[in-house]
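What follows is one structure encoded as structure tokens, with my remarks underneath.
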Amino acid sequence: MSLGEADAKFPGQQIQAEGPAPTRENPGGVFPKSSPERAPKESIPGTGSGNNPVSLFSNPYQFDDKLANVEAALGQLIDAIQGEESSAGGTSREESYVVKFRRWQDEILSLRRGKPVDEGEAARDVPEQEGGLFTD
């Protein structure tokens, strides 16, 4: 069995590439499997795909740490609102804030788990601005 047959993934498949000539640094003449086509952009570490939230930072741990900070701050905010509700009596407005902040926590949790951001959902939450600063 030749080296090309040993690297083949399927029976009868032949690897067409030839390795480099043996040198002092590479006496076996080994070479990595490669392709003449470029790798997809999202497969290169650090570039990420358009849907991958990790692409915002080159360090995914930094992104996760910042999201954890936001999630913890939302938790503190929810606890403070609920503390006020129990001491002063809750209103429907306060409850609606708690529901909104819990939904934000759920969205952050899904981002931390690597779920892609739904562009339609994000665009729906952004209110449209009416007019500019100077209107005629």
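The phi torsions of the stretch 80-87, fed into the Karplus equation with coefficients 6.51, -1.76 and 1.60 and a -60° offset, translate into couplings of 5, 5, 5, x, 5, 4, 6, 8 Hz, rounded to whole numbers, with Gly and Pro shown as x. Once the chain from residue 79 to residue 57 is taken as fully extended at 0.36 nm per residue, the excess over their C-alpha distance is 4.9 nm.
Normalising the average separation of contacting C-alpha pairs (under 8 angstrom, six or more residues apart) by the number of residues puts the relative contact order of the stretch 58-115 at 43 percent. Each residue, residue 25 and residue 72, gets one label point 7 Å from its Cα in the Cβ direction; the gap between the two is 4.6 nm.
Readers should treat all values here as calculations from the given coordinates under stated rules, not as data from a laboratory. These figures come from a predicted structure and were not determined experimentally. Glycine gets a Cβ as well: all are built from the backbone with ideal geometry, and neighbour counts include every protein chain shown.
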